[in-house]
């Protein structure tokens, strides 16, 4: 009976992640296809990826940079639109692009004796205006979420970790379930 239960649990571990991943991709493909009114599964997704790549190419071009700057200037004049646009732009930019923010993994001592620690990323090295030069801003992501805490932490309580940011993020977001990335 124990062996049968073990097989069932192992089957769950193999089946559920595969099924959820397949379902998410299916829903994404069919939703994009339905928005574009296409009947060929996945064509809308392929068109969307192509369009985003073309826009990226055009955004890298000197001629279209001026148009992009003009567009962003218009956005800056619209109060609510500006708030949403800059928040989304900053969030995307924190993960990809030239100004990545989640590239400095750290361990933060939360208690005076260092017994309680949290894992996060330095997002601002200098905070002279707000907290003095001896503090940094650390983002502590929640497990299984993109939400988290933004903390101002004394530099003395922050230990930088020389490890892969993406593997470190996977470890933190999984709640410590995945293997801890190698620290160099």
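Since every read-out is calculated from the coordinates, none of them should be taken as a lab result. As the structure is a computational prediction, the values presented were derived from the model and not from experiment. Using ideal geometry, Cβ is built from the backbone for each residue, glycine included, and neighbour counts are taken over all protein chains shown.
Things to note:
- Distance from the Cα centroid of segment 137-183 to that of segment 48-74 is 33 Å (rounded to whole angstrom).
- Ranked packing of 18-26, 118-126, most packed first, by mean Cβ within 10 Å: 118-126, 18-26
- Fraction of alpha-carbon pairs over 19 Å apart in segment 105-173 - percent: 31 percent
- Length gained on full extension, residue 12 to residue 28: 3.4 nm, using 0.36 nm per residue less the C-alpha separation.
- Cα-based equivalent ellipsoid, segment 2-77: semi-axes from gyration tensor eigenvalues, Å: 44, 17, 11
- Ratio of the Cα radius of gyration of the chain to 2.2 N^0.38 Å, where N counts its residues: 1.37
- Helices in the chain, meaning DSSP H runs of at least 4 residues, each add -39500 (n - 2.57). Divided by all residues, the mean residue ellipticity at 222 nm is -17500 deg cm²/dmol.
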